[in-house]
Amino acid sequence: MSLDSDFLIVVRNLAIFFVVVFWIATAYWVYKDARRRIEDPWMVAMATVLGAVPPFLGPIIYMFFRPPEYLEDVRERELEIKAMEKRLALRDLHCPVCRAEVDASFLVCPVCTTKLKQACANCKQPLEALWQICPYCETRVETPATIDFGDTWETPRRRRAE
Ligand SMILES: [Zn+2]
Ligand SMILES: [Zn+2]
């Protein structure tokens, strides 16, 4: 064998070596990327196989079809939405007049004494404005969606009319 053909064999082997390394690297990259984007381990395995076969073309096909977002981003966004919903729910629990924090069970605002809810005539539980009947004791709500001002001249008159 001549020195020249020895050299060519070395070059060829080196080239094959680098192609194989590059092939493994791209397949491994697909595996790593798929794990960050896909939850189902079977789908991750399939993506990895696609990343390996066909060599080099597989990762390009994978890039076309991979989920657009990382799982951690999706989770973070879900958490943000939950936190926002919580904030919105909390906003309802403020006095409409003075914005003081109030409890869902409060009948009046303790800060500015604004009437927040009507109490059940029978069991004194706070009632929501739309309720037709007290859910705690089944007493019918006399004046739904209006605010009871307590001992005004209107109260006895309404009772007499019933
Ligand atoms: Zn208030
Ligand atoms: Zn009641």
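Rule-based calculations on the coordinates, nothing more; no lab input. Since this is a predicted model, take the numbers as computed values, not measurements. All Cβ positions, even for glycine, are placed from backbone atoms using ideal geometry, and neighbour counts span all protein chains on display.
Stretch Ser5-Lys32 to full length: gain in nm at 0.36 nm per residue minus the Cα-Cα span?
Details: separation 27, 0.36 × 27 = 9.72 nm, distance 4.03 nm.
Using 0.36 nm per residue and subtracting the Cα-Cα distance, I get 5.7 nm.
Can you compute the modelled spin-label distance between Ile133 and Glu69, with each label point 7 Å from Cα toward Cβ, in nm?
Placing both labels 7 Å along Cα→Cβ, they lie 4.3 nm apart.
For the pair Lys86 and Asp40, what calculated FRET efficiency results from E = 1/(1 + (r/R0)^6), where r is the Cβ-Cβ distance and R0 = 25 Å, to the nearest 0.05?
On the way: r = 30 Å, r/R0 = 1.18.
The pair Asp40/Lys86 has a calculated efficiency of 0.25.
For a quick size check, give me the Cα extents of segment 3-71 along its three principal axes, largest first, whole Å.
55, 18, 16
Quick check: residue separation of Gln125 and Leu57 times 0.36 nm, minus the Cα distance between them. What number comes out in nm?
Details: separation 68, 0.36 × 68 = 24.48 nm, distance 6.88 nm.
Length gained, Gln125 through Leu57: 17.6 nm.
May I ask you to list the lysines whose Cα is less than 21 Å away from that of Lys124, ignoring any residue fewer than eight positions away on the same chain?
Counting by Cα, and skipping residues close in sequence, Lys124 has these lysines nearby: Lys115.
Which lysines have a Cα less than 24 Å from the Cα of Lys117, not counting those fewer than 8 places away in the same chain?
Lys86
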